[in-house]
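Trainee: Have a look at this one before I ask anything.
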Amino acid sequence: TCEQPELHVHPRIQVGIGDLLTQANRQCSFLIETHSEHLILRILRRIRESTEGELPDGLKPLAPEDVSIIYLDTAAGGVKAKRIEIDRDGEFTSRWPNGFFAERGEELF
């Protein structure tokens, strides 16, 4: 378990953490709590590159089934967990709750 590995770290290092996680031994499981768009976007990118056959040399392919993104939200009487599905193109197949990632689009366009 690792809470917010991106804290106080430059965005370039955050994407490096994403690569570190994607290249770890597949026999290991990680539970990572993050608010880092950079880290998640790198994981999505590696899925897309794996699908398209454009993965940089030396990196192991990554498939959507290798990653599980769970969003936790407050609910009546506790916490509700929602799985955010990813397709082979490295895209979310369901909407990200409560504005996460929406701010990025608003800032870019």
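Trainee: Report the charge-dipole magnitude of the chain in Debye, nearest 20, computed about the Cα centre from +1 at each Lys and Arg Cβ and -1 at each Asp and Glu Cβ.
Mentor: So the dipole magnitude of the chain works out to roughly 240 debye.
Trainee: Determine, for 29, 36, the number of other Cβ atoms within 10 Å of each Cβ, and report the residues in order from fewest to most. Could the numbers behind the result be given before it?
Mentor: Details: 29 8, 36 19.
Ascending Cβ contact count within 10 Å gives the list 29, 36.
Trainee: Considering only 15, 79, 67, give the residue with the highest GNM mean-square fluctuation for the chain, with springs between Cα atoms whenever their separation is below 10 Å.
Mentor: 79
Trainee: Residue 4's amide H: which non-local residues (gap 5+, or another chain) put their own amide H closer than 5 Å, with H modeled 1.01 Å from N in plane and none for Pro or chain starts?
Mentor: Long-range HN contacts for residue 4: 33, 34.
Trainee: Right, another one. Does anyone have the angle between helix 11-23 and the longest principal axis of the chain? Alpha-carbon axes, 0 to 90°, nearest 10?
Mentor: So the inclination is approximately 70 degrees.
Trainee: How much of the DSSP bridge set in the chain is antiparallel, in percent, rounded to the nearest 5?
Mentor: On the way: 8 of 10 bridges.
In the chain, DSSP labels about 80 percent of beta bridges as antiparallel.
Trainee: Can you check what the net charge comes to around residue 23, using other residues whose Cβ is under 15 Å from the Cβ of residue 23 (Lys, Arg +1; Asp, Glu -1)?
Mentor: Numbers: positive: 26, 42, 45, 46, 60; negative: 19, 49, 57, 66.
Around residue 23, the surrounding residues sum to +1.
Trainee: Given an 8 Å cut-off on Cα distances and at least 6 residues of separation, report the relative contact order of the chain as a percent.
Mentor: Numbers: 119 pairs, mean separation 22.5, N = 109.
This gives 21 percent for the chain.
Trainee: Once phi is turned into ³J(HN,Hα) by the Karplus curve 6.51 cos²θ - 1.76 cosθ + 1.60 with θ = phi - 60°, what whole-Hz value does each residue of the range 70-79 show in order, with x for glycine and proline?
Mentor: 3J(HN,Hα) across the range 70-79, in whole Hz: 10, 9, 9, 9, 6, 9, 4, x, x, 10.
Trainee: Of 7, 31, 62, which is farthest on the positive side of the dipole of the range 2-108, counting Cα position, with +1 on Lys and Arg Cβ, -1 on Asp and Glu Cβ, and the Cα centre as origin?
Mentor: 31
Trainee: State the answer as a single residue: which of 50, 17, 81 lies farthest towards the positive end of the charge dipole of the range 2-108, with beta carbon charges of +1 for Lys and Arg and -1 for Asp and Glu, about the Cα centre.
Mentor: Comparing the listed Cα positions along the dipole, 81 ranks first.
Trainee: Let me ask another. Where does helix 37-52 land angle-wise versus the long Cα axis of the chain, in degrees 0 to 90, nearest 10?
Mentor: 50
Trainee: Can you tell me how the range 14-62 classifies by the Cα gyration tensor, rounded, prolate or oblate, using a/c under 1.5 as the rounded cut?
Mentor: oblate
Trainee: Counting helices only, and only those DSSP H runs with n ≥ 4, report the 222 nm mean residue ellipticity of the chain as the sum of -39,500 (n - 2.57) divided by its residues, in deg cm²/dmol to the nearest 500.
Mentor: -10500 deg cm²/dmol
Bear in mind these aren't lab numbers, they're just calculated from the coordinates by the rules spelled out. Everything quoted here is computed from the prediction, not taken from an experiment. Here Cβ is always computed from backbone atoms with ideal geometry, including for glycine, and neighbour counts include all displayed protein chains.
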